[in-house]
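The values are calculated or read from the model by the stated rules, or taken from the named source; none is laboratory data. Just so it is clear, the structure is predicted and the values come from calculations on it, not from any experiment. Here the Cβ is made from the backbone with ideal geometry for all residues, glycine too, and neighbour counts use every protein chain on show. Heavy atoms of the whole protein, side chains included, go into the accessibility calculation; ligands, DNA and RNA do not. Shrake-Rupley method; radii C 1.70, N 1.55, O 1.52, S 1.80 Å.
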Amino acid sequence: MTTRIAIIDDHQLFREGIKRILEFDGDFEVVAEGSDGREALSIVEEHRPDLVLMDINMPDTNGVEATKQLIETYPDTKVVVLSIHDDENYVMRALQTGATGYLLKEMDADTLIEAVRIVAEGGSYLHPKVTHNLIREYRRLTTETNSNVMVQQEVRRPLHLLTRRECEVLQLLADGKSNRAIGETLYISEKTVKNHVSSILQKLNVNDRTQAVVVAIKNGWVEVR
């Protein structure tokens, strides 16, 4: 089925670019556009999209407040925040309001398509760079002792669960690499990377790559560097 999408962003040229990328894929239809967070509620009420792409920085009502109001009124609506900020404070504010995705505007077309597809199917998606920053902060907080001395955790690759190649892919996910970057690093195709990621998610019994990295960090399966 086609995923119906609304784009809320105050830059018309950016909206047009996003719309062209999504509709070129064929699985997505942009049913409405808006230039301010105030419009988001009325747009969702009128068009009932499956997913909203929401800019975080807009005049009057910003994306965080608009997402909060939207989720409170239409709790089944999926929201992916678009931002230029990779700071974890922005990310956490967006997620706390109910957003299920966070993308940086420096994303490429493949990342946009991947994120929208994952969120539309019920998962969550964080831009790889954002994931890396959050995981690094998580590691800092969880490995700090009461005396503020950092404890170095020994890395134990999960070879009892994953193949060696999958362990390499998992490490690169923790490094914040996109599928394309992972493929370039390992000299494999992006399709092969996607197959490895799908296998990792299934074996770790998680829904998305962010959850996979969190599990890996908790178990000491990857380095945070």
Worksheet item: Which of the residues that make up segment 202-211 are open to solvent by less than 30 Å² (accessible area, probe 1.4 Å) and either free of Cβ contacts under 8 Å to residues at least 60 places away in the same chain or in the same structural domain as ASP110 (by the TED database) (or both)?
Response: LEU204, VAL206
Worksheet item: Which condition number in (1) in contact (Cβ under 8 Å) with a residue 24 or more places away in the chain; (2) under 18 Å from ALA66 (Cβ atoms); (3) within 12 Å of the chain's Cα centre (by Cα) is the one that LEU95 fails?
Response: (1)
Item to complete: For segment 1-17, name all the residues that are β-branched (Val, Ile, Thr) and open to solvent by 10 Å² or more (accessible area, probe 1.4 Å).
Response: THR2, THR3
Discussion item. Being without any contact (Cβ under 8 Å) to a residue 60 or more places away in the chain, touching an Asp or Glu at 6+ places or on another chain (Cβ under 6 Å), open to solvent by 20 Å² or more (accessible area, probe 1.4 Å) and not in a strand (DSSP E or B): is that true of ARG20 here?
Written reply: no
Worksheet entry | segment 180-201, residues that are of a type in the set (Asp, Glu) and either free of Cβ contacts under 8 Å to residues at least 60 places away in the same chain or touching a Phe, Trp or Tyr at 6+ places or on another chain (Cβ under 7 Å) (or both) | GLU184
Fill in: Qualifying helices (runs of 4 or more DSSP H) (wholly inside segment 79-196; at least 1 residues being modelled with pLDDT of 90 or more and surrounded by fewer than 18 Cβ atoms within 10 Å (Cβ to Cβ))
109-120, 164-174, 179-186
